[in-house]
Amino acid sequence: MIKFGKSIKSVIFIGKGAKGSELSAAKELQKYIHKITGVLIPVKSEESMKKIRFESAFLIGTPFTSEALKELVENRLILTPKDDEGFVIKSLRLNRLDVIVIVGLTGIAVKYAVYKFLEKFCDVGFFRDGERHPSLEVLEFEEIDYSDHPKFKYRGYLAHTWIGETRYRSTGLWLFDDWKRLLDWMSKKGFNLFFPILTYNEIYVRQFLRRAFPDVDPSEAARKAHPLPDELRLKSLRKAIEYARKAGFKIAYWAFPRHPSGVEVYEEEALKRFIGALVDLYGKPDFFIASPWCEFPSPGGVSRWDAEKKIYRTIKLISPGSDLIVMTWDWFIPFWRSLSTGSTGFFGRLRFPFDKIFAEWEAHKKMPDDVIIADWDRNFFIPTNGFEGRRWWYQTHISFEWFDLPFTWFPPTMYPVNYAYEKKAEGIIIFNIAEFSNVLLCDYMAELSWNPKLKFERFLEYYAKRRYSRGSWRAMIECYKLLEKASRDVLVYGLVSWLDPLSNLEKVREEDLERCLSLCDESLSKALEVYDLERDNELYRNDLLELKLVVYKLKAMLHLKRAMKTRYENPCLFNKNLSECIRWLKKALKELEGDARFSISSTREWIKQVSGADITVYDEASKVHKGFITCPENLRELIKQIEKLRRPEEKDKPA
């Protein structure tokens with residue numbers, strides 16, 4: 001046993017040449033051991049190793065900055081890490097003393113190693129919605145011999161920038177501290193690609209508009225587009241990008257050329273101004289992601305690849321060190337475009353012939369060799385079907401604008417990631433549109449980017465041990481398993497959000513809904529069993545709220561489904577079921593009221609405090625996001641809509 005804690009003399013040794021990320025890693029190790037044990041272990045240079053008396057120690061760094069680590073590697077007492085981001089963690093007896101060695105070939109690798117040590121061996125949890133650590137007098141470790149390295153060269157997390165939601169969900173309303181929290185979490189989870197979107201809200205900055213669109217009144221366009229002052233947003237995002245660079249992240253800009261009027265621009269000179277303005281304001285990125293929204297048919301439109309060729313040439317002219325990424329999602333733009341024409345339902349979206357889509361597919365096979373394909377949710381099963389040998393990344397949603405599918409995807413998630421690894425994908429991108437959605441899936445995807453073969457069942461235990469106390473984690477595993485089982489028949493729309501039941505009831509059979517509700521109810525009961533143990537755990541309270549919302553929503557949907565069956569035949573029974581539906585919606589509303597995270601009203605107050613800005617822009621944007629249950633204001637509106645369905649209890653059927 002190697003022990004650290006109270007009454008134990010311990011030291012953290014670093015190489016005499018340590019700097020930057022290595023020093024930061026040592027400080028992080030010191031900080032979290034202090035949080036766990038209350039003991040502040042001193043950080044010392046390895047030169048003092050023979051002079052200081054100690055009972056246990058950490059030796060962390062690289063073989064290039066530490067003579068002691070170099071000697072251990074040369075004598076094969078520890079293995080050499082597999083690549084520049086890989087690491088080795090090993091317990092040793094050195095000079096009859098207990099030492100845990102944490103070694104990587106770079107400072108970034110050492111940092112990854114420290115965070116993995118804290119998670120795997122100290123049960124510290126780094127989650128998207130917060131952190132948790134145990135409280136112990138002594139940390140004890142048996143023999144450790146662990147090594148790891150990422151299986152994808154690039155590992156990115158993409159946070160969307162919608163502003164029409166609560167600040168808790170919307171990165172479009174973030175300032176630097178919010179971005180910093182995201183980047184710190186990404187670093188702890190082994191991500192290395194920062195992926196800001198510079199297209200929606202970000203182009204409405206006066207400095208950008210003057211450079212890119214001389215025909216636009218920059219002050220008026222900036223005022224109308226966003227409730228926060230453009231100088232504040234520009235400063236925050238520039239600071240975040242610079243912070244990411246200093247932390248060792250690669251930078252990718254998702255920026256399709258879009259005029260403030262909403263029209264895409266693909267003329268050569270306009271593209272030069274647009275991309276030049278991005279580079280001037282935010283610096284040169286490692287990657288540009290092009291996402292042209294042009295129509296297939298002529299006249300007036302150009303194909304995706306025709307537009308991307310122009311973007312490619314412009315990038316190579318203005319930012320020659322940057323690579324272009326194109327997304328297979330764009331090849332399905334016809335489905336999206338058809339929605340704006342009044343087409344409804346899946347078959348309504350197929351108004352464009354498939355031969356146009358496959359023509360786009362064929363055109364993309366002729367791209368230059370350095371163009372990267374991001375296969376969006378395995379749309380085209382890249383790199384097969386003529387794309388063999390090409391650079392490609394796997395990109396996947398874990399939440400959407402209007403809803404997310406929290407548990408439906410968990411077991412299958414492993415398979416496309418494993419497929420991407422076997423087919424030699426360079427990178428993996430996790431796309432979270434509604435922030436703080438799917439906390440469990442965020443964690444699982446982060447683990448899969450390092451270990452694509454990690455089974456969900458094994459991960460679930462690892463997750464629960466870090467998130468809950470020793471007396472609770474087994475019950476919470478059962479809770480999650482029941483939820484996963486429930487979602488096999490019915491998509492459980494949202495631990496965090498709401499899909500309007502009026503437009504989706506026909507998609508769900510009543511018996512499936514009943515079975516799903518029974519399992520979710522049992523899951524909630526499992527979670528409530530450990531309430532007394534976890535009442536002070538904020539992460540558990542987050543989960544409990546979301547579980548309640550799932551159950552209340554399903555109960556409301558079930559009663560609404562039953563009501564609709566008897567709407568004309570039995571108005572009395574119809575109204576009775578409608579009342580039950582409303583009762584469960586009001587229970588959900590009661591859970592949400594008073595929680596500032598989810599309140600549009602509190603977001604509006606925050607906007608006023610930060611900027612004193614005109615918030616009509618935010619109010620307009622929020623109108624299109626009425627699907628979210630996580631806004632009490634939106635849920636009240638839904639209750640009003642359903643109350644209007646009540647019928648006079650006469651026996652005669654209407655014509």
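The values are calculated or read from the model by the stated rules, or taken from the named source; none is laboratory data. Given the structure is predicted, the values throughout are model-derived calculations rather than measurements. We place every Cβ from the backbone using ideal geometry, glycine too, and count neighbours over all the protein chains shown. All accessible areas refer to the heavy atoms of the entire protein, side chains included, with ligands and DNA or RNA removed. Shrake-Rupley method; radii C 1.70, N 1.55, O 1.52, S 1.80 Å.
Determine the per residue accessible area of region 120-182 with all protein chains present and a 1.4 angstrom probe, expressed in square angstrom. Before the final figure, lay out the partial values.
Values: 2400 Å² over 63 residues.
Heavy-atom accessible area per residue stands at 38 Å².
Solvent exposure of region 546-607 amounts to 42 Å² per residue of accessible area, where only protein heavy atoms count and the probe is 1.4 Å.
Between Ser45 and Lys424, the simple label model (points 7 Å from Cα in the Cβ direction) yields a spacing of 4.6 nm.
Taking a 21 Å limit on the Cα-Cα distance, which of the listed pairs Lys44/Lys189; Lys35/Lys526; Lys555/Lys576; Lys19/Lys44 fall beyond it? Show your work: numbers first, answer last.
Numbers: Lys44/Lys189 27 Å; Lys35/Lys526 30 Å; Lys555/Lys576 14 Å; Lys19/Lys44 13 Å.
From the list (Lys44/Lys189; Lys35/Lys526; Lys555/Lys576; Lys19/Lys44), the Cα-Cα distance tops 21 Å for Lys44/Lys189; Lys35/Lys526.
Less than 5 angstrom separates the built amide H of Lys44 from those of Ile12, Phe13, Ile14, all sequence-distant by 5 or more or on a different chain.
Hey, if we sort Arg467, Arg647 by accessible area with the 1.4 Å probe, largest down, what's the order? Before the final figure, lay out each step's value.
Values: Arg467 0, Arg647 35 Å².
Output order, biggest surface exposure first: Arg647, Arg467.
Take Thr65: with every protein chain present and a 1.4 Å probe, its accessible area is about 30 Å². Placing R0 at 35 angstrom, the Cβ-Cβ distance between Lys224 and Lys70 gives a FRET efficiency of 0.05 after rounding to 0.05. Rolling a 1.4 Å probe over the protein chains gives Asp536 an accessible area of about 140 Å².
Hey, if we sort Asp148, Asp217 by accessible area with the 1.4 Å probe, largest down, what's the order?
Numbers: Asp148 15, Asp217 95 Å².
Of Asp148, Asp217, the descending order of accessible area is Asp217, Asp148.
So if R0 is 35 Å, what FRET efficiency would Glu569 and Lys485 give, r being the distance between their Cβ atoms, rounded to the nearest 0.05? Approximately 0.55, to the nearest 0.05. Of the residues Phe176, Phe64, Phe141, the one with the largest accessible area comes first in the ranking Phe64, Phe176, Phe141, computed with a 1.4 Å probe on protein heavy atoms.
In this structure Glu71 has an accessible area near 110 Å², from a 1.4 Å probe over the protein heavy atoms. Taking a 18 Å limit on the Cα-Cα distance, which of the listed pairs Lys111/Lys246; Lys16/Lys188; Lys111/Lys423; Lys188/Lys250; Lys366/Lys423 fall beyond it? Beyond 18 Å: Lys16/Lys188; Lys111/Lys423; Lys366/Lys423. For region 576-582, the Karplus equation 6.51 cos²θ - 1.76 cosθ + 1.60, evaluated at θ = phi - 60°, returns couplings of 5, 5, 5, 5, 5, 4, 5 Hz by residue, with Gly and Pro reported as x. Applying 0.36 nm per residue to the separation of Glu231 and Glu522 and subtracting their alpha-carbon distance, the gain on full extension is 99.7 nm.
For Glu242 and Glu478 in one chain, what is 0.36 nm times their gap in residues minus the Cα-Cα distance, to one decimal in nm? Please list the in-between numbers first.
On the way: separation 236, 0.36 × 236 = 84.96 nm, distance 4.29 nm.
Working it through step by step, the gained length comes to 80.7 nm.
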